[in-house]
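The next block holds one structure in the form of structure tokens; read it before the comments.
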Amino acid sequence: MTLGTEPLTDPFALAQALSGAHLINGRFASAASGQTFDVVNPATGAVIGQAAEGNAEDVDRAVEAAALAQADWKRMPARQRGKLVAACGARLAEHVDELGRLIALETGKALRTESRVEASVLADMFVFFGGLGSELKGESVPFNPDMMTVTMREPVGVVGVIIPWNVPLLLMAMKIAPALVAGNAVVVKSAEEAPLTVLRVCQIMNEILPPGVFNILSGFGPACGGPLVSHPKVAKVSFTGSVETGRIVARAAADRLIPATLELGGKSPMIIMGDADLDRAVDGAVTGMRFTRQGQSCTASSRIYVHDSVHDAFVEKLRARVDAMVMGDPLDEATDIGTIISPQQLEKVTGFIEAGRAAGATAIACSAVPGDPALAKGLFLQPVIFTDIAADAPPAKEEIFGPVVCVFRFRDYEEVIEAANDSEYGLAATIWTRDLRTAMDATRRLEAGFVQVNQNLVVQPNLSYGGVKSSGLGKEASLESMLEHFTHKKTIIFNMT
Ligand code: NAI
Ligand code: MG
């Protein structure tokens, strides 16, 4: 491979140039088996490149390289590690447009509304964590006056990272930036649907980091992710994905007695009280539901509870807003909404739409799929707003991971808090009201890891992010996530008598 690191504007050429390789110990490397699999543009169905198909042998090569590199990396002063990670952020910032185009091509997420934004947050995450090297502090403990007792933060070693396809850049950055600054080496297993852009990020960062500190493998879940969790030299796992796979990863980690951070699904409620600023709430619903990401978000505000007095007005405003969004070629700057990631995911989402209709709900389809013949094979799907839907209908209860939102009517505050909490998930929640007392009460009572009033911000550097109940274990994106999940505390006693 003769790929340089200057920004490239043509994502098709970049996809080709990145094809068929892992990145291990600072170098592109083919799969041990020699096998590859296709990477597909979901907007056209065309194959845009290949990914190396990793197996246990590749995992072993990458983990051994990481373990070797980590021995030196952990000895580097923490601030110096931080400076290198921040320098990666600065370098990646020069590649925002390039990375945005490639991730749009791989995942079908619109460049202007999603992909370029994600690339920019990726860079920011490295800059943010890069500044936290000197926060890896210990404590002095008042144990015995004749002894000096201190704690030190030490890296855990090699961290295995498994990421999904929906926001691969951001989710990877949230894990590897704190892991690296804390003195760990990382081996990432990318998602089979989106292996190329993360590989480019790894290549760019390997121009700055010592070889072996950040390695990336592509491959399928059981064949490549499985051996990564089970490798004897992996000391910690950080996973984002489905609840089902999260359980498999947690079981494998438990067998080895290593910790696992899990960021899993959600079915996040949004409560709109009768006194809310309705236009702001509609904006919040569009952002919260991630309509520009085809709803493919674990945080999606997919259960919207609206007070009876404003329900019909809200539904009409939401319909009009989503209807006005432009669905089209993800690489076109005019496009708001791109495509679903894969035929399997499309089938899953349409299954939920059918189940909602079968349960007697009203389905309002919005926006229009593009008429361009070049996009005829694209995985475009009209967003659906369900109203009058039973609380136990499948689209109302289960994570859909598609552009399908359920709007419920409520009259009583106590009733809506109970309904909002009646879910196996607990990732995020929002309440929209002008009444401070109601807002305060709801923030205390909503069972979720991330609760907002009158807004629906996405993940931000330095704000702890993660769920309760089946939504996961552990927090990410903050200083506390670095300290709690990527270091262990060593207690040291000096006896001075
Ligand atoms: P998944 O959870 O199976 O995949 C996520 C990652 O885990 C991928 O890198 C995959 O290769 C890896 N993986 C799969 N099986 C594994 C195993 N046995 N051992 C180790 N690693 C393994 O999610 P998938 O199949 O992409 O999507 C299924 C559903 O999960 C979606 O329809 C959606 O509802 C949900 N999902 C939730 C996400 C979230 O952010 N919480 C992200 C992606 C999907
Ligand atoms: Mg899966």
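Taking each residue as 0.36 nm, the span from residue 3 to residue 137 lengthens on full extension beyond its C-alpha to C-alpha distance by 44.3 nm. The lysines whose alpha-carbon is closer than 17 Å to the alpha-carbon of residue 469, local same-chain residues fewer than 8 away aside, are 267, 397. Estimated purely from DSSP H runs of n ≥ 4, each contributing -39500 (n - 2.57), the mean residue ellipticity at 222 nm for the chain is -11500 deg cm²/dmol once divided by its residues.
Using the Cβ of residue 176 as centre and a radius below 13 Å, the other residues enclosed give a net charge of +3, where K and R count +1 and D and E count -1.
What's the magnitude of the charge dipole for the stretch 269-461 around its Cα centre, counting Lys and Arg as +1 and Asp and Glu as -1 at the beta-carbon? Answer in Debye, nearest 20. Please list the in-between numbers first.
On the way: 17 positive and 28 negative charges, 39 e Å.
So the magnitude is around 180 debye.
At the listed q of 0.12, 0.13 Å⁻¹, the Debye profile of the chain, built from one uniform point per Cα, gives log10 I(q)/I(0) equal to -1.06, -1.22.
For the stretch 234-344, what ratio Rg/Rh do Cα atoms give with a Kirkwood hydrodynamic radius?
Computed over Cα atoms, the ratio is 1.12.
How large is the charge dipole for the chain, taken about the Cα centre, if only the Cβ atoms of Lys, Arg (+1) and Asp, Glu (-1) carry charge, to the nearest 20 debye? Before the final figure, lay out the partial values.
Values: 44 positive and 57 negative charges, 270 e Å.
Roughly 1300 debye for the chain.
Counting only lysines at least 8 places from residue 377 when in the same chain, those with an alpha carbon closer than 25 Å to its own are 109, 348. If both residues of a DSSP beta bridge must be in the stretch 269-461, then about 15% of such bridges are antiparallel.
The phi torsions of the stretch 376-389, fed into the Karplus equation with coefficients 6.51, -1.76 and 1.60 and a -60° offset, translate into couplings of 4, 9, x, 8, 7, 9, 5, x, 10, 9, 8, 10, 6, 10 Hz, rounded to whole numbers, with Gly and Pro shown as x. Over all distinct Cα-Cα pairs of the stretch 42-179, the Kirkwood formula returns a hydrodynamic radius of 17.7 Å. Annotation: amide H-H contacts under 5 Å for residue 40 (H modelled 1.01 Å from N, sequence separation of 5 or more, or interchain): 48. On full extension, the segment bounded by residue 391 and residue 33 gains 124.0 nm, given 0.36 nm per residue less the C-alpha separation.
For the stretch 272-281, the Karplus equation 6.51 cos²θ - 1.76 cosθ + 1.60, evaluated at θ = phi - 60°, returns couplings of 10, 6, x, 8, 5, 6, 5, 5, 5, 5 Hz by residue, with Gly and Pro reported as x.
A probe of 1.4 angstrom, applied to the heavy atoms of all protein chains, finds residue 485 with accessible area near 30 square angstrom.
Counted over the chain, the DSSP beta bridges are approximately 45% antiparallel. Treating only the Cα positions of the stretch 329-377 as identical point scatterers, give the base-10 log of I(q)/I(0) from the Debye formula at each q in 0.28, 0.31 Å⁻¹. After summing over all Cα pairs, the log10 values are -1.14, -1.19.
Tell me, what are the semi-axes, in whole angstrom and largest first, of the equivalent ellipsoid of the stretch 1-68 as set by the roots of 5 times the Cα gyration tensor eigenvalues?
Details: eigenvalues 119, 52, 14 Å².
Ellipsoid half-lengths, sorted descending, are 24, 16, 8 Å.
By per-residue mean of other Cβ atoms within 10 Å, what is the highest-first order of 309-317, 365-373? Numbers along the way, then the final one.
Values: 309-317: 16.4, 365-373: 14.8.
The peptides rank, most packed first, as 309-317, 365-373.
Residue 415 contributes an accessible area of around 100 Å² to the protein surface, as traced by a 1.4 Å probe with all chains present.
Residues whose amide H falls under 5 Å from that of residue 410, counting only those 5 or more places apart or on a different chain, are 306, 307, 308, with hydrogens built in the peptide plane. Once the gyration tensor of the Cα atoms in the stretch 269-461 is diagonalised, the equivalent ellipsoid follows with semi-axes of 28, 17, 16 Å, ordered largest first. Derived scalar couplings between HN and Hα for the stretch 13-28 equal 5, 5, 4, 5, 5, 8, 5, x, 9, 8, 10, 10, 6, x, 10, 5 Hz in order, rounded to whole Hz, by the Karplus curve 6.51 cos²θ - 1.76 cosθ + 1.60 (θ = phi - 60°), x for Gly and Pro. Note down the Stokes-Einstein diffusion coefficient of the stretch 183-253 in µm²/s, whole number, using a Kirkwood radius over alpha carbon pairs, 4 °C, and 1.567 mPa s. The calculation lands on 99 µm²/s. Taking every C-alpha pair closer than 8 Å and separated by at least 6 residues, the mean separation divided by the residue count of the stretch 269-461 gives a relative contact order of 28 percent. Note on residue 374 and residue 492: the model spin-label points, each 7 Å out from Cα along the C-beta direction, lie 6.2 nm apart. Our summary gives the chain a relative contact order of 18 percent, counting only alpha carbon pairs under 8 angstrom and 6 or more residues apart. For residue 337, the amide hydrogen comes within under 5 Å of the amide hydrogens of 326, 327, 328, counting only partners 5 or more places away or on other chains and with H modelled in the peptide plane. The accessible area of residue 398, taken with all protein chains in place and a 1.4 Å probe, comes to roughly 90 Å².
The values are calculated or read from the model by the stated rules, or taken from the named source; none is laboratory data. Predicted model, so just to flag it, every value in this text is computed and none were measured. When we count neighbours, we look across all protein chains shown, and the Cβ atoms used for this are built from the backbone with ideal geometry, even at glycine. What goes into the accessible areas is simple: the full protein's heavy atoms, side chains included, and nothing from ligands, DNA or RNA. Shrake-Rupley method; radii C 1.70, N 1.55, O 1.52, S 1.80 Å.
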